[in-house]
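Note sheet for the following structure.
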Amino acid sequence: MKPFVPAVALWGNRAPSHSITAIMITDDQQTIVTGSQEGQICLWNLSAELKVSSKEILFGHTASVTCLAKARDFEKQPYVVSATENGEMCVWNVTSGQCIENAKHPYRHTAICYYHCSFRMTGDGWLLCCGQYHDVLIVDAKTLAVLHTLISFQYSDWISCMCILHSTRIQEDSLVAVSVTGDLKVWDLSSSVTSIQERQSVYEQESKPLDCTNCQAIRFCTYTERLLLVVFSDCWKIYDYCDFFLLCTEFSKSGQYFAGGEVLAAQRLIIWTEDGHSYIYQLLNSGHSKSIHPADGKVLKETVYPHLLCSTYVKENKSFPFVMGFMNERKEPFYKVLFSGEASGRITLWHIPDVPVSTLDGSPKEIPIAATWTLQDDFDQHRSMTEGIIDHLCASKDGTDSAAVSSSVYMPNLDKLVCGREDGNIFITLALHAAKARILEDISLLKHTLPYKVLKGHSSSVTCLLYPYSKSPKFDPSWLVSGGQDSCVIWWDIFTEEILHQFTLQAGPIMNLLLSPENYRLNGHRIVCCVCSDHSVALLHLHERVCLLHARKHLFPVKMIKWHLAENLLIVGCEDDSVYVWEIETGTLERHETNEMAKAILTSCEDSECLVTDFTLPFSPDTQKHKNAGFKSSSSYKLGTLSHNLTHTEKSSALIDPSPSPQLFTILPVKTNWNSIIFHVLSFDLEKLVELLLSSQLNGLKSSNSFHSYDILKRAKSTAEKRTLILKRNRTAGSLFSMDGQVKNVYEKKIHKDNSAARSLEESGGIKTRKKTKSSKKIRLKPAGKIDVKITTDTAKLLLSCLLPWGLDKELDNHCVRYLDIFRLQCPVSFGQVSNGNHISLMLPGWNRNHCGLVEEHTPINLFSRKVVDLSNKYSTAGQGQIGKKYGLDHNPDHIQGSQAVFYLLNRVSLVNSAFTVPLEFTNISDSPQKLESVRNKWRNLENSGSSFSMLYGELPNYKSGYHFPDPGNVSLMKLILCWRDQSVKIIEAVQATLLAEVQRSMKTLKKTSTSNQPVTMVDTGNGELQTLAKTEQTEQMAECIKNIL
Amino acid sequence: MLQGDALCQADINLKMPRTNQLLHFTFREDKQWKLQQIQDARNHVNQAIYLLTNRDVNYQFRTGSEVLKLMDAVMLQLTRARNRLTTPATLTLPEIASSGLTKMFTPALPSDILVNFYVNLNKLCLTVYQLHALQPNSTKNFRPAGGSILHNPGAMFEFGSQRYEVSHVHKVECVVPWLNDALVFFTVSLQLCQQLKDKISVFSSYWNYRPY
């Protein structure tokens, strides 16, 4: 598990598009899972009253989702597997939204069946997959590795649909499948389990041509164990499973195509069509025997004919095929549900009665729609949650629908957010302030004073933005390049708000703006490369204000741009796999190649610098992870543009990349496919935040020259020495990924080494700048320190605001506002969570509907789940009598507000975080040597030769700040938290529970102290008395210093 | 003889270099060999056709994005179909040995001969590998060859607990005119689809147009 990266999504008022391509309902009938063409997976809450609300959206796939299926016995583990068009497979935990396992195969699966036979096989079962390849693949449900194939002896071809037959009568399982050419095949699963495990060839038992193509579904009637329903696109047929005798055929109406079907009960079927209709039939015995085989001497066959009982309709909407499914549950609280998903993102549910009957006069009865819902409905209902990050800036001017943000970029060095909008204006605003104004309540003041600039120049939607300084410090930090739908590229000075130059390309909307690689320069400058929607590529030289080259010959969208440095060539790869080679100097097309030659050219300049762009890819917030999650090299190729650029710089280690590592807070603009809807994700770097807060407090101590600081410094020195050791280790390891850690270490060493001399605030406070010293010479030293501390505390407070369970208890809220000096949330936030590398789950606006539906709309409630309260109670009981008494938080409520408490709470968060992450890293330490964290932990563990708990303490900065011994209270808390982890409590729930308990406790002590009017409560531990006194003094001093700083 | 996706007749005349004897093999009458590449290409085309036809004949498209999505889906299938013909599968030698193709011939192929058929662009290719078994105690260091379209002499592999080395490789190519046509049609249809997409997206700025 990766470290917890707190992320908050700021949606716009339009929902991201979600064209449903696959849909399923989990076995507990509480979650609907949908996969989309955009590659995202949505989880929806399904209430007992069949109400739908969106819960979470899962990012991670880079192509259209083709199928979904359960991946475990659902009662044991709520896992669902998804497969995509480009061969990715992912197993998701649908209750927590985490990605459990992912893999990429060269196979496109179109259907997956989970098979597990407890008494014949060990492990977690198999996923039987079929798709655009021959026969059936067996994939291990746990590791997603391909285990074996079920081969067909005759007419091997793609399998279009299949189902597992389980006969309770003979306790045998078999797989029935129909190939694209219409051959029905049966594999015996039960008897071939061992031969599959031993990798022997398994051939089909039976094969029979059905003389019909485009098979959509095959189902077995488990009630009679005799009938087999096969749905083709233009007819459906009933076979006798015993001898595959055709019992009945029903053709579709003209213009209507069947899409699937299911057996409802004995002799009763439901069939649905591609346009979202469904029909329920009763099979009646025809009485007369229609076909007789006198020659064979067989028994007379009684055929059946269907009688239409009920049907369901949707409103006229034929634009795209529906994906439908049916859930047939015989047990009570569950329903028989027919569900469908549309390309427009709408989910529709029908509740099918247990005994469907026709109307009295015999005509079919229509079953009404039970529920219908889209993502947009949730966005509309929770208006306050779906305000865009800069919406409040422009909404005030006119009450009407304001233009949506169409592109956006974050400037890390200036902490500014630039948003291009659909009306052509570009807004520049302070990122942190904007985020605060958007998320927090009671900052109307801030809202109105929020400084912003508007750049007016484009006449229509701003499609892309580029901030060159973030890619290379050679550029002036005031420069911004924007591209619009009007085919103009404008070069701005954002400080003076001037247009430095305007390039008019006349090539349709600008799709993307890129920078040439670091080592490709023309007259000493990197050039801007812009891709237009008419598939042309233009190279712009900013300094000379010229368009160097406009390559216009491409017939297909540009997929890849590479640079051949030696010969000054631009190599453009198109989506049809053809390659165009342009001479940059002369602007002539040197060659155009297809097929083999094109591939050879593209691979030949693999070593030279290249930029890869892939517009079909939906998503790129993966960037934030690239430092703590080593990209799998296989997947990095297909990641979104932005992320690829970043990984690319990471790979070429010589380059200096100022942007990623030192940020405590980043805003990532996220764009999905198909429409220009953009939303923002705030991501916090928890570790760094804690560290920075610590340093700011340490500095406070130092400058005040308190006698405690000596101790601290001594400790700090020893840790610094330890760290230098680690540093050496890292250097010898030479791992690229340790870069970030090294910087940290260097920094700490610097801080601690010469601590005998009092250091000025500016120097040590400006860590950010220190880290950047390597990269850039232009640092503004003087304001850095102060701004930094302020930003740090502000960021920390914002994070805490987002995490606290507001609305649970009025008193508690007030306490937080008053004593922690943090603000109430304007609305519940959509939290995000990162799992398994670059898989992210983000909560959707409707996430809190299911458990606090009774609360009125205007009282925001930010409780992540009901579990949180229980957990926090457990936490307080576990920590009772031990925690709290030692901490300054409780004893100095009046004069030490804010910072100290914030710092303390953040430490708690990071404690929970480390509890959730560290031990797991321990387990897989051998296979991930580049993980700096684990290496360090291991080392420290050896050093201390202590338990894993002491190792955790070593990791936590708060022990450096003055707690001289590990206290027993924390051990029990750690145990509790570790226990939560094992119970698969979401990390976010654990964090919130911890915070809740801490705040509750601090509130209680506050009450106590205010009544007894005693500043210091009694402490009964042995040496606690002195400790507390010392503590108070220390914190008082800290408070003063902090006040000074602020 | 190639009929659709099936190879129905084949004659192989092989002159063994060592013994100088002429070997003659033909396909069994009762069997035919399906060429996977053509089969896959056909399936992809069928999917594309299904995507295009599974709506009412009188259906009128209402939005441009609808058409764009449809075109994307169709183009994906067409690209894959073309790619199946242009990129032959890279097989390992044990995979070739275990494929049913060896059992297709009459008289049966000797155990030291492997054959493989594949399509590369507009050509039907036949490769014949002559093997010689490696002694279990041979001093040659054994390194099994990976997957490849065409294996070179000297490639080694293990099959059925016996190690082999490729001694000779013979490759025969034959241009299939209809494959050439198919490839041309794929290219043309892809270009048509792209042109349609381009034309529609010209108007995209007007769909979103709102007076500000």
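Key figures
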{"quantity": "Qualifying residue in region A:102-117 (condition: closer than 26 Å to A:His134 by Cβ, surrounded by 24 or more Cβ atoms within 10 Å (Cβ to Cβ) and of a type in the set (Val, Ile, Thr))", "calculated": "yes"}
{"quantity": "The lone exception for B:Gln9 - which of (1) within 23 Å of B:Asn180 (Cβ to Cβ); (2) touching an Asp or Glu at 6+ places or on another chain (Cβ under 6 Å); (3) away from chain A (no Cβ under 14 Å) it fails", "calculated": "(2)"}
{"quantity": "Only listed residue being more than 30 Å from B:Lys34 (Cα to Cα), aromatic (Phe, Trp, Tyr) and buried (at least 18 other Cβ atoms within 10 Å of the Cβ), chosen from A:Trp126, A:Trp92", "calculated": "A:Trp92"}
{"quantity": "Where a residue in region B:82-98 is within 9 Å of chain A (Cβ to nearest Cβ) and farther than 25 Å from B:Ala108 by Cα and its partner, wherever it lies, is surrounded by fewer than 18 Cβ atoms within 10 Å (Cβ to Cβ) and of a type in the set (Val, Ile, Thr), with Cβ under 8 Å and at least six apart", "calculated": "B:Arg82/B:Thr187"}
{"quantity": "For B:Val67: the one exception among (1) surrounded by fewer than 14 Cβ atoms within 10 Å (Cβ to Cβ); (2) of a type outside the set (Gly, Ala, Ser); (3) within 11 Å of another protein chain (Cβ to nearest Cβ); (4) farther than 18 Å from A:Tyr133 by Cα", "calculated": "(1)"}
{"quantity": "Sole exception among (1) of a type in the set (D, E, K, R); (2) touching a residue at least 24 places away in the same chain (Cβ under 8 Å); (3) surrounded by fewer than 18 Cβ atoms within 10 Å (Cβ to Cβ) for B:Asp56, by number", "calculated": "(2)"}
{"quantity": "Residue list for region A:580-601, filter: within 14 Å of chain B (Cβ to nearest Cβ), surrounded by 14 or more Cβ atoms within 10 Å (Cβ to Cβ) and at pLDDT 80 or above", "calculated": "A:His592, A:Glu593, A:Thr594, A:Ala598, A:Lys599"}
{"quantity": "Verdict on A:Asp534 being surrounded by fewer than 22 Cβ atoms within 10 Å (Cβ to Cβ), assigned by the TED database to the domain that holds A:Asn425 and farther than 20 Å from A:Trp582 by Cα", "calculated": "no"}
{"quantity": "Exclusive hit being within 14 Å of another protein chain (Cβ to nearest Cβ) and out of contact with any Cys (no Cβ under 6 Å at 6 or more places or on another chain), set A:Thr149, A:Thr143", "calculated": "A:Thr149"}
{"quantity": "Top-ranked residue of region A:208-227 - restricted to ones that are within 14 Å of another protein chain (Cβ to nearest Cβ) and polar (S, T, N, Q), ranked as surrounded by the fewest Cβ atoms within 10 Å (Cβ to Cβ)", "calculated": "A:Thr213"}
{"quantity": "Residue satisfying all of: in region B:173-189; of a type outside the set (A, V, I, L, M) and touching a Lys or Arg at 6+ places or on another chain (Cβ under 6 Å); surrounded by the most Cβ atoms within 10 Å (Cβ to Cβ) among these", "calculated": "B:Phe186"}
{"quantity": "Residue within region A:321-344 that is part of a loop (DSSP other than H, G, I, E, B), among the β-branched types (Val, Ile, Thr) and at pLDDT below 85 present", "calculated": "no"}
{"quantity": "Pairs with Cβ under 6 Å, 6+ apart, first in region A:250-263 and at the interface with another protein chain (Cβ under 10 Å from one of its Cβ atoms) and assigned to a loop (DSSP other than H, G, I, E, B), second buried (at least 20 other Cβ atoms within 10 Å of the Cβ) and of a type in the set (Lys, Arg)", "calculated": "none"}
{"quantity": "Members of region A:58-84 that are touching a His at 6+ places or on another chain (Cβ under 8 Å) and more than 18 Å from A:Gly125 (Cα to Cα)", "calculated": "A:Leu58, A:Phe59, A:Gly60, A:Thr66, A:Cys67, A:Thr84"}
{"quantity": "Residue tally, condition assigned to a loop (DSSP other than H, G, I, E, B) and of a type in the set (A, V, I, L, M, F, W, C), over region A:551-598", "calculated": "5"}
{"quantity": "Search result, residues across region A:273-288 that are in contact with a strand residue (DSSP E or B) (Cβ under 6 Å, 6 or more places away or on another chain) and within 14 Å of chain B (Cβ to nearest Cβ)", "calculated": "A:Thr273, A:Glu274, A:Gly276"}
{"quantity": "Index of the failed condition, A:Ile218 passing every other in (1) over 18 Å from A:Val304 (Cβ atoms); (2) touching a residue at least 24 places away in the same chain (Cβ under 8 Å); (3) touching a strand residue (DSSP E or B) at 6+ places or on another chain (Cβ under 6 Å)", "calculated": "(1)"}
{"quantity": "Qualifying residue in region B:190-207 (condition: at pLDDT 85 or above, among the acidic types (Asp, Glu), more than 29 Å from the chain's Cα centre (by Cα) and surrounded by fewer than 18 Cβ atoms within 10 Å (Cβ to Cβ))", "calculated": "yes"}
{"quantity": "Some residue of region A:513-527 being within 14 Å of chain B (Cβ to nearest Cβ) and either outside any loop (DSSP other than H, G, I, E, B) or surrounded by fewer than 21 Cβ atoms within 10 Å (Cβ to Cβ) (or both)", "calculated": "no"}
{"quantity": "Scope region B:16-40; condition assigned to a helix (DSSP H, G or I), in contact (Cβ under 8 Å) with a residue 40 or more places away in the chain and within 11 Å of chain A (Cβ to nearest Cβ); matching residues", "calculated": "B:Gln36, B:Asp40"}
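Yes/no matrix, rows are residues, columns are (1) farther than 24 Å from A:Lys553 by Cβ; (2) among the hydroxyl-bearing types (Ser, Thr, Tyr); (3) out of contact with any Leu (no Cβ under 7 Å at 6 or more places or on another chain):
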{"residue": "A:Ser487", "(1), (2), (3)": "no, yes, no"}
{"residue": "A:Phe495", "(1), (2), (3)": "yes, no, yes"}
{"residue": "A:Glu498", "(1), (2), (3)": "yes, no, yes"}
{"residue": "A:Gln502", "(1), (2), (3)": "yes, no, yes"}
{"residue": "A:Gly508", "(1), (2), (3)": "no, no, yes"}
{"residue": "A:Ser516", "(1), (2), (3)": "no, yes, yes"}
{"residue": "A:Asn519", "(1), (2), (3)": "yes, no, no"}
{"residue": "A:Cys529", "(1), (2), (3)": "no, no, no"}
{"residue": "A:Cys532", "(1), (2), (3)": "no, no, no"}
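The values are calculated or read from the model by the stated rules, or taken from the named source; none is laboratory data. Computed from a predicted model, the values in this text were never measured in an experiment. Ideal geometry is used to build each Cβ from the backbone, glycine not excepted, and the neighbour counts take in all protein chains shown.
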